[in-house]
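In what follows, a single structure is set out as structure tokens and then discussed.
The values are calculated or read from the model by the stated rules, or taken from the named source; none is laboratory data. Predicted model only: the values in this text are computed from it and were never measured. Don't worry about glycine lacking a Cβ; one is built from the backbone with ideal geometry, like all the others, and counts go over all protein chains shown. Remember, those area values only see protein heavy atoms, side chains included, never the ligands or the DNA or RNA. Shrake-Rupley method; radii C 1.70, N 1.55, O 1.52, S 1.80 Å.
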There are 4 protein chains.
Amino acid sequence: MALTGILRTGLVQLRVTDLEETLQHYRDRIGLYVVGNIDENRVMLKAYDEFDHHSLVLRKADKPGLDFMCFKALDEKTVNDIVHKTKDEFGFPITFEDNHPGFGRIWFITVPTGHQIGIYNQVELSENHPMIDNPHIWKDCPHGMGPACVDHALLCGPNQAETVRWFTECMGMSITEYVLNPDGQGHLCTWLSGNTRGHDVAVLSFNKPGMIHHLSFQLKNWDEIGRAADIIGRYGIKIDAGPMRHGITRGQTIYFFDPSGNRNETYAGGYEYFPDHPTRKWTADHVGEGIFYYEKELNGRFLSILT
Amino acid sequence: MALTGILRTGLVQLRVTDLEETLQHYRDRIGLYVVGNIDENRVMLKAYDEFDHHSLVLRKADKPGLDFMCFKALDEKTVNDIVHKTKDEFGFPITFEDNHPGFGRIWFITVPTGHQIGIYNQVELSENHPMIDNPHIWKDCPHGMGPACVDHALLCGPNQAETVRWFTECMGMSITEYVLNPDGQGHLCTWLSGNTRGHDVAVLSFNKPGMIHHLSFQLKNWDEIGRAADIIGRYGIKIDAGPMRHGITRGQTIYFFDPSGNRNETYAGGYEYFPDHPTRKWTADHVGEGIFYYEKELNGRFLSILT
Amino acid sequence: MALTGILRTGLVQLRVTDLEETLQHYRDRIGLYVVGNIDENRVMLKAYDEFDHHSLVLRKADKPGLDFMCFKALDEKTVNDIVHKTKDEFGFPITFEDNHPGFGRIWFITVPTGHQIGIYNQVELSENHPMIDNPHIWKDCPHGMGPACVDHALLCGPNQAETVRWFTECMGMSITEYVLNPDGQGHLCTWLSGNTRGHDVAVLSFNKPGMIHHLSFQLKNWDEIGRAADIIGRYGIKIDAGPMRHGITRGQTIYFFDPSGNRNETYAGGYEYFPDHPTRKWTADHVGEGIFYYEKELNGRFLSILT
Amino acid sequence: MALTGILRTGLVQLRVTDLEETLQHYRDRIGLYVVGNIDENRVMLKAYDEFDHHSLVLRKADKPGLDFMCFKALDEKTVNDIVHKTKDEFGFPITFEDNHPGFGRIWFITVPTGHQIGIYNQVELSENHPMIDNPHIWKDCPHGMGPACVDHALLCGPNQAETVRWFTECMGMSITEYVLNPDGQGHLCTWLSGNTRGHDVAVLSFNKPGMIHHLSFQLKNWDEIGRAADIIGRYGIKIDAGPMRHGITRGQTIYFFDPSGNRNETYAGGYEYFPDHPTRKWTADHVGEGIFYYEKELNGRFLSILT
């Protein structure tokens, strides 16, 4: 296997304050499929091009935010190695759960930025998976914004460097790009990839732990970004920024908010990353164009609205 | 590292009968950059988004075809492991060369289908590489069809199964899709990936060894496919098929010929492959839609024109 | 008014042999909206971006083909002028009908190529019309191939020159392009526009009267052409040619067949025509690239399958 | 002729403060072709898909802004009718000039908003015109943002209603959309079309005469909008807003500034307008989404930066 270890983001649980309205947003506007309910407060969803049981859970709660973000590993050995290395070399809090429908055991690690990061290998094939035998490109025409899959998240919290060190040394990810702090010491933000994406996760230095800037859904190109924007305009979804391009990762993007206040991203394009590529470096004075490649400056909401 | 072992196709050498006219095709129409001459019969080229020294060599020869196709490995250990395993377990002919400008040692293996497959790890950074510090999305606007990189090739020859076995067991690639022979025994064609592409190489069963069906250049989306087609139309490039979509890999594509008769492909889209995905299976009666998803049947040239 | 006289194709009636299956094709695959039934053999449809009552009628019949093609005039004066000029100067057979639901009187003229061409001015606003007050870009996201409107048709028959003369002198259309006959005498085919489209109708010289080559639906760009092709591939719609570009009109196109055998086109792009533009001229030896800009030669079906 | 009277915007002259730098912007970034110099202070340019001699003049001056905007008429009769009607019924100041290279007489009318509007019919075919005989889709691949032509302008000044009345009653244009003033009395802004574009000119009520909000260049689709944005990002062109869509006209757009401070627009899409379409009406409280369909509110620059 040339692609080994951690494969990709596979399961994310978001807190939402209005389950019904927020479910409509993810189902009808973003275009995910409802897999079913775990209980009265939790709904499972997936995108059309994902094979696994589900990839997103919305959980009714008092305030929005991220419960956890889980990565799928290629095999049990990867899971075990990460669990042991985390315990032995990092000493981060670690637990496991066996009660996620369709999933085997998920190990949860509390990283220094305050996030719950999950690792698992076992998950059932979804009933509504992409075709396998003489497959069509899709069974039913994708609806809404039509994302192929959950793509990545931007996590925010203190001790950014320690969380990044764990993602690289323990999870085996590569740093694809980083922005230096204004004093040139250490990273303000780091982008990390375990495959050929420009990032599977990014970690932003922030004074409050466990925060999420955005959860991103994968579109395929700029035209799909435009169609997503039309849906945003048509249905009055609150937009944050875009359609635009990031200088960092080169991704084409829109930021917008779900009805509970979580920031979503539809993300497309970006370069194809390989671990022999040089790490791209950004100085703090260029962060504006790094994030907002066209506008060249961050809008006021970018660093102030997190959940 | 989550992406390990063999990374991607990194260097291909094609035979061309008219070097000047064929160079114009790859430089001005496809849109590659000339890196320089190795000698009077060989020209080095690269695409705008490749970091390495060069990725394509055109060699003047009496007849068109493929001299060799080389894969870049993440590290020396991968190269050594493949070399030893090839010698010890496969017994295929193996040599090395140290005289490829910009490249370290390249090991060449003659696989059962009759192709020279190269493996290397060392290669210099190109002078004309993508930006690294506060990078722009490109230094100069891509020209011609504007491919980001060399993508893959379809190799044809006898003993298909043995070559595929070597790509999986020795090179560590995954089979993403295959088409069964009409009798349901063995594969007519197999698609193999060492990263998240739908394929890095495909191997088609054919009675003559060492043949190439096409060399493919990576575009980013259907719109770029359309622009490539406009260039094909404008400059009278001989088209074979497309613009269209493959059912297999879902890639969007055009097949056309260089002035020496080698078939090129511009390829975009396709799904994002992960090694935990089920292998897609095609029966021989569906091969038409597997290749020509819109037309549903192969054209007469598909299996008759190879170089 | 700068745009006067004949505005555009407004109503077309096609014969279909299997009403139910063909209705599904136009409704679910092409993506038209059913307006209602005229009687048990006739169904009215319209596209999402048309204001008028309906634009297409499918009529159950023994064989496929075109019953009539009608143009909307800006005002009654235009209709009257055309009616009188047709009677007085051309002497073509002319009748009228007052029983088309939602439409006022439609005048039908039998042109020398054997087609029934209708002219009208009065038609009711559709119930399902585009928004007018603080309008959204669409009320419901377009489905299927999502055409904005009926666009044009290619009519085939004898006495091509006389029908063209009537379209120019009586209907006030401009010749945007033509292909000369192989002997350089007269037109093999003529493209005519009454607005800024590359054509509203084209007339091809053919030995059998009243034939239609294709009815075309308007898409907006190459990406929509690609999505239409995906629907064609997914649902096994019989494709004729494309996705491709025409040299003539520069339109981007797919030809395919409805279940009754009528050829459809989805058409996008093309230049913006103005009547001060020079008429584009094609010689017979370039007709291949005029129609099939990428392939450069007509396929065998192009001139043999008409309804 | 179905398209009669005023055809389209044909010639615009802008004031620029730095001729050399601004010329580079229009030539290399927007992608126009230099036709030549009129004198040391004036440079003529055109877009690749325009047949006429030139369509834009940059004039070196002390401050940026619009010198004049001229419309091409189909014939001399249209010009004469407009000249006489303007004199007789409107009494606006009117003059003519015979010294515009490649153009016949241009009549200039000072409209109540303070703009110089020109009317002409005679203009020479450009040397660098689109192909006419067995034409290719373009002679040389469009460069820069690659606009097909000058498209429209948004004019700002007092007495908006009187200028609009002249555009409709004398120039024969249709009102495609308007925004009511906050008190519901009269128009804040009016969009006018003489062909099938959503607008050829728009007129915004403003307290200072002769101002221009933007000059617009026509692109063909959202993908070209994205490429234009990439050029804006790559070369540090000052962006104002977008990429986005307008609710009004449905056009897809970017606003940005030339080096002299004039606002440019690249504009694509929008509906195909016909004069039998209902006029779209916007109330003042919806003007945000009318202009910024995704953001739903005007940015601070929109009404404050005019030239």
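Odds and ends about this structure:
- Residue check for residue B:209: more than 10 Å from every other protein chain (Cβ to nearest Cβ) and not in a helix (DSSP H, G or I): yes
- Residues of region D:221-243 that are buried (at least 24 other Cβ atoms within 10 Å of the Cβ) and within 13 Å of chain C (Cβ to nearest Cβ): D:222, D:223, D:225, D:226.
- The one condition from (1) of a type outside the set (Lys, Arg); (2) modelled with pLDDT of 95 or more; (3) within 17 Å of the chain's Cα centre (by Cα) that residue C:187 does not meet is (3).
- In this entry, residue C:180 is excluded by the filter for residues that are open to solvent by less than 10 Å² (accessible area, probe 1.4 Å), touching a residue at least 12 places away in the same chain (Cβ under 8 Å) and of a type in the set (A, V, I, L, M, F, W, C).
- Inside region A:287-298, residues that are open to solvent by less than 40 Å² (accessible area, probe 1.4 Å) and either farther than 16 Å from residue A:189 by Cα or not in a loop (DSSP other than H, G, I, E, B) (or both) make up a count of 7.
- Just one of the listed residues (C:253, C:279, C:249, C:266) is among the β-branched types (Val, Ile, Thr) and open to solvent by 20 Å² or more (accessible area, probe 1.4 Å), namely C:279.
- Within region B:1-43, the set of residues being of a type in the set (Lys, Arg) and part of a helix (DSSP H, G or I) comprises B:27, B:29.
- Within region B:81-106, residues that are under 18 Å from residue B:161 (Cα atoms) have Cβ atoms under 8 Å from residues that are open to solvent by less than 20 Å² (accessible area, probe 1.4 Å) and part of a helix (DSSP H, G or I) in these pairs: B:85/B:170; B:86/B:166; B:86/B:170; B:89/B:170; B:90/B:166; B:90/B:170; B:92/B:86; B:92/B:166, counting only partners at least 6 apart in sequence or on another chain.
- Hey, residue A:250 closer than 22 Å to residue D:298 by Cα and not hydroxyl-bearing (Ser, Thr, Tyr) or not: no
- Residue count for region B:51-74 satisfying the condition of being within 14 Å of chain A (Cβ to nearest Cβ) and among the acidic types (Asp, Glu): 1.
- Flag if residue D:4 is within 21 Å of residue D:121 (Cα to Cα) and modelled with pLDDT under 95: yes
- Residues of region C:191-205 that turn out to be in a strand (DSSP E or B) and under 14 Å from the mean Cα position of the chain (by Cα), as a count: 7
- In region C:244-275, the residue that is nearest to residue C:213 (Cα to Cα) out of those that are of a type in the set (Gly, Ala, Ser) and more than 9 Å from every other protein chain (Cβ to nearest Cβ) is C:261.
- Residue that is surrounded by the fewest Cβ atoms within 10 Å (Cβ to Cβ), among those in region A:7-50 that are among the hydroxyl-bearing types (Ser, Thr, Tyr) and within 14 Å of chain B (Cβ to nearest Cβ): A:48
- Filter result (at positive phi and assigned to a loop (DSSP other than H, G, I, E, B)) within region A:222-259: A:236, A:249, A:250
- Selection from region C:67-121 of residues that are surrounded by fewer than 19 Cβ atoms within 10 Å (Cβ to Cβ), closer than 19 Å to residue C:3 by Cα and either of a type in the set (S, T, N, Q) or in contact with a helix residue (DSSP H, G or I) (Cβ under 6 Å, 6 or more places away or on another chain) (or both): C:80
- Only one entry in B:237, B:248 is among the aliphatic types (A, V, I, L, M), closer than 26 Å to residue B:3 by Cβ and touching a helix residue (DSSP H, G or I) at 6+ places or on another chain (Cβ under 9 Å), namely B:248.
- Hits in region A:160-175 (condition: outside any helix (DSSP H, G or I) and among the polar types (S, T, N, Q)): A:174
- Subset of region C:132-145 (residues that are on the phi < 0 side of the Ramachandran plot and more than 8 Å from chain D (Cβ to nearest Cβ)): C:138, C:139, C:140, C:141, C:142, C:143, C:145
- Selected residue (criterion: farthest from residue A:304 (Cα to Cα)) from residues of region A:132-153 that are within 15 Å of the chain's Cα centre (by Cα) and either acidic (Asp, Glu) or open to solvent by 10 Å² or more (accessible area, probe 1.4 Å) (or both): A:149
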